[in-house]
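**Q** Encoded as structure tokens, here's the structure I'll be asking about.
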Amino acid sequence: MKPIAGLPLRNHFIPAERRDSALLIVMHGLGDRMESFFDFPSLLLGNRLSYLFLNAPDAYVVGWKWYDLDGQQETGLKKSRELLDATIDHLHKEEDIAPDQIVLSGFSQGAVVSLYTGIRRTRPLAGIGALSGYLFGGVEEASDASKNTPIFMTHGLYDEVLPYERSEQHGELLSEAGYKLDWREYPMGHQICQEEMQDFSQWLSAIVS
């Protein structure tokens, strides 16, 4: 495990067994840090994928944040999107990892940033994984090219932080806009569960094979 030099965000990189394997970018939620997700390789596809864990840019009361919650969400989301696009560009130019080899994923705020960034890209990604998040800003700014990007979106039925109903409605909005959405729900709160990781693994295996 090592960081990739030159990226605009603090990061850790775990390479796959094969250099031409797909890359999963993983982003944490509000008040957390990237280290909390270092077990993802063991929960997902192991060394069949490369993994890049990104830390949010701004300090929070505890941990870090991708954007604010005081009505200024879009300002932070735009900043995070710029940082992610710069990261993806660097990976392509310096590490020879093309955008269509990259799955952008995250939990909670990380999921929101994944969707916000992924549907606006003119060079589409291999996929978007949004775990317990929501779609900020609708699909009005979505690029036509991004409609070819498959999306895996999950939510807990008893989520006490981000309402299940809102996320479900946003999933329907993405489907109606033409995205190939794989929607999953689980009997849990605002968290990650084993069944969800198993489903995410199967979805990843199908799109990166």
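**Q** Suppose only helical runs count, i.e. DSSP H with n ≥ 4. What mean residue ellipticity at 222 nm does that imply for the chain under -39500 (n - 2.57) per run, divided by all residues and rounded to the nearest 500 deg cm²/dmol?
**A** -10000 deg cm²/dmol
**Q** Give a quick list of trypsin sites (Lys or Arg not before Pro) in segment 1-72 that DSSP marks as loop, anything other than H, G, I, E or B, with at most 11 other Cβ atoms within 10 Å. Mind dumping the intermediate values first?
**A** Numbers: sites: Arg10, Arg18, Arg19, Arg33, Arg48, Lys65; in loops: Arg10, Arg18, Arg19, Arg33.
Those that pass, being in a loop and sparsely packed, are Arg18, Arg19.
**Q** Between segment 1-73 and segment 167-209, how many Å separate their Cα centres?
**A** 19 Å
**Q** OK, next. If each residue's Cβ is checked for other Cβ atoms within 10 Å, how do Thr75, Thr149 rank with the fewest at the top? Walk me through the numbers before you get to the answer.
**A** Working: Thr75 11, Thr149 23.
Result, fewest neighbours first: Thr75, Thr149.
**Q** Would you mind listing how long segment 1-123 runs along its three principal axes, going by Cα atoms, in whole Å with the largest first?
**A** In descending order, the Cα extents are 44, 31, 23 Å.
**Q** Would you please give the residues with an amide H less than 5 Å from that of Tyr51, counting only those at least 5 places away or on a separate chain, with H modeled from the backbone geometry?
**A** Ile14, Ala16, Leu24
**Q** Among Phe37, Phe13, rank each residue by its count of other Cβ atoms within 10 Å, from fewest to most, as a rough exposure measure.
**A** The fewest-first ordering by Cβ neighbours comes to Phe13, Phe37.
**Q** Would you mind working out the magnitude of the charge dipole of the chain relative to its Cα centre, with +1 at each Lys and Arg C-beta and -1 at each Asp and Glu C-beta, to the nearest 20 Debye?
**A** Working: 18 positive and 30 negative charges, 129 e Å.
That gives a dipole near 620 debye.
**Q** Pick out, from Ile192, Gln202, His12, the residue whose Cα sits farthest towards the positive end of the charge dipole of the chain, with +1 on the Cβ of Lys and Arg and -1 on the Cβ of Asp and Glu.
**A** His12
**Q** Further, regarding this structure: What residues have an amide H closer than 5 Å to that of Asp159, excluding those fewer than 5 places away on the same chain, when H is modeled at 1.01 Å from N in the peptide plane?
**A** Here Tyr164 satisfy the definition.
**Q** Given the peptides 78-89, 106-117, arrange them by the average over their residues of other C-beta atoms within 10 Å, most packed first.
**A** Sorting 78-89, 106-117 by mean packing, highest first, produces 106-117, 78-89.
**Q** Taking every alpha carbon pair in segment 53-152, what does the distance histogram look like in 5 angstrom bins from 0, in percent?
**A** In whole percents, the pair-distance histogram is 3, 13, 24, 27, 19, 10, 4, 1.
**Q** Run the numbers on segment 66-209 and let me know its relative contact order in percent, using alpha-carbon pairs under 8 Å that are six or more apart.
**A** On the way: 250 pairs, mean separation 25.5, N = 144.
Taking the mean separation of contacting Cα pairs over the length of segment 66-209, I get 18 percent.
**Q** Hey, fewest Cβ within 10 Å first, where do His170, His90 land in order?
**A** His90, His170
**Q** Which percent, nearest 5, of DSSP beta bridges in segment 27-163 are antiparallel?
**A** Expressed as a percentage, antiparallel bridges in segment 27-163 total about 20.
**Q** Provide the gained length on full extension for the span Ile207 to Asp70, in nm with one decimal, where the gain is 0.36 nm per separating residue minus the Cα-Cα distance.
**A** Details: separation 137, 0.36 × 137 = 49.32 nm, distance 3.66 nm.
45.7 nm is the gain from fully extending Ile207 to Asp70.
**Q** Counting residues in segment 26-95 as N, plug N into 2.2 N^0.38 Å and put the Cα Rg over that result.
**A** This ratio for segment 26-95 stands at 1.24.
**Q** Let me know the whole percent of all Cα-Cα pairs from segment 157-209 that are separated by more than 12 Å. Spell out each step's value before the answer.
**A** Numbers: 962 of 1378 pairs.
Result: 70 percent of Cα pairs exceed 12 Å.
**Q** Once phi is turned into θ = phi - 60°, what whole-Hz ³J(HN,Hα) does the Karplus curve with 6.51, -1.76 and 1.60 give for every residue of segment 9-24, x standing for Gly and Pro?
**A** Using θ = phi - 60°, the values come out as 10, 4, 8, 9, 10, 10, x, 6, 5, 10, 5, 8, 6, 5, 10, 9 Hz.
**Q** Moving on to the next point. What is the P(r) of the chain, as percent of Cα-Cα pairs per 5 Å bin from 0?
**A** Pairs per bin, as whole percents: 1, 8, 17, 22, 22, 18, 9, 2, 0.
None of the figures in this text is laboratory data; all of them are computed from the coordinates on show. Every value quoted in this text rests on a predicted model; they were computed, and no experiment measured them. Methodologically, a virtual Cβ is constructed for each residue, glycine included, from the backbone with ideal geometry; neighbour enumeration extends over all protein chains shown.
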